[in-house]
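In what follows, a structure is listed as structure tokens, so that the remarks can point back to it.
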Amino acid sequence: MKNNKVLALLFFGVLMGALDISIVGPAIPSISEALKVAQKELSWIFSIYVLFNLVGISLFAKLSDLYGRRSIYMITLAVFGIGSLVVSLAGSLDILLLGRAIQGFGASGIFPVASAVVGDQFPPEKRGRVLGMIGAVWGIAFIIGPILAGTLLRFFEWHVLFLINIPVVIVLIYFSTKLLSTDRVETANQIDWRGIILLGLFLGSLTYGVNSFDRATGLSGIVSLKVWPFLTASLIFLIMLFFLEKNIDYPVINPRLFKSRQIRIVGFIAMVTGLFQSAFVFIPNLAVLSFGVKSSTASFMLLPFVLATAIGSPIFGRLLDKTGSRLVILIGLTLAAAGLFLIGLSGDSKMIFYGSGVLIGLGLAVLAGSGLRYIMLNEVGVHERAITQGVLTIFISIGQIVGSAAITTIAARELLPAAGYRKALYLISLLMALTFVLALRLKSRKEEIK
């Protein structure tokens, strides 16, 4: 009974963070008009959230190993709530971005810590099922987010979309004190601050460089002073981080983890998953260009995608517990690759569009849901569960950042943007097919049991 309550607590915490991504889209026109924001600056409302989300992941994951899941989960919720309050009171773009940064930083700890709690409190034979249910939150959020936003905006100003987070945070913190354990899984009291700073500098430089890329100039845009110095700096910070982490006792990212073939393969699949998720973001634009519908109609055309994700996540979670990770991930890669390829071929056929959407949604249920996290939980000890979940999220987010830049660059170079989107989908589909071959080297069910 208590485990069900814990699951509900984790479910609603992750749902809140996921909703804050999907709910902000419909508010963009109102925010732009109210704060007099230029069109080219609107992307930073999303980008700064992603940046600070990445920066905080490893910090909060490590802190939860050191000081217990309950206290850190409560802190991340509180930080998210403070950011929501700042955004809701914002009267300028600068204050809005400050609030979004605080939100992203707070949200960075919610999902990794929730995943680690699953590893702590649920037996191995149930972890896949539970992670699948939590993974389904993302599909649910994308279903109800735009509908909730549209309903609220009909009666209130855009500030309310963020203000409603405050009572939710208070309730979640209250139940965290009742349900989550205070046990620490690591007795050492050292935190790798240098590693956390270098990781933040690497991710920050990469995110800024990629987001400053001029899509219209193609590859020549890399030589821009807003791009190449930051990409170069990100590479330098990454090399410095690698050598630092090799020689300390309590690294924020343990290089020894990557001696495991299983984790190396999962890291690569995670980056490809990020590319896949970034492709999903541009499918509404493809629908608008292909079928001549309005943006609002295109959003509702995604319902088969998100419903398939919501339904498939718990189903594949149960399958994980029965058959192991390799078969499920191979199925996910196959479905996702086929879906992307078919949607590129859909042309003006809505039947093919919806059918491929179901395949993409089911693939997303595996790759963005429990599959990869299941492997990471089983490959490390109790004291590294949270930090490895954070590492996995970083790999996925890097794929999202690179994928978004690549897709928009390809689309900008084509005479017809729809043709550019389709070409990008074909390329990602091909990469996923090649990743299928790599995934064949994952452990079998018998090896996992050993």
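Each reported figure results from applying straightforward, stated rules to the coordinates on display, with no laboratory input. Treat the numbers as computed from the prediction; the structure is a model and nothing was measured.
Per-residue HN-Hα couplings for region 431-442, Karplus 6.51 cos²θ - 1.76 cosθ + 1.60 at θ = phi - 60°, whole Hz, x for Gly and Pro?
Per residue, the Karplus-derived 3J(HN,Hα) values read 5, 5, 5, 5, 5, 4, 5, 5, 5, 4, 8, 5 Hz.
Just to be sure I understand the curve: with the Debye formula and one point per C-alpha of region 253-450, what is log10 I(q)/I(0) at q = 0.10, 0.15 Å⁻¹?
-0.42, -0.87
Using alpha carbons only, what's the Rg to Rh ratio of region 193-247 with Rh from Kirkwood?
Here Rg/Rh amounts to 1.09.
Just subtract the alpha-carbon distance of A433 and L416 from 0.36 nm times their residue separation and send over the number in nm, one decimal.
3.5 nm
Can you run phi through the Karplus equation (6.51, -1.76, 1.60; θ = phi - 60°) for region 263-271 and list ³J(HN,Hα) in whole Hz, with x for Gly and Pro?
Calculated HN-Hα couplings, in order: 6, 4, 5, 4, x, 5, 4, 4, 5 Hz.
Under 5 Å between amide H atoms, partner at least 5 residues away or on a different chain: which partners does G324 have, H built in plane at 1.01 Å?
When sequence neighbours closer than 5 places are left aside, there are no close amide H contacts.
Stretched out fully, how many nm does the piece from K246 to A8 gain, at 0.36 nm a residue minus the Cα gap?
Once the chain is fully extended between K246 and A8, it gains 81.8 nm.
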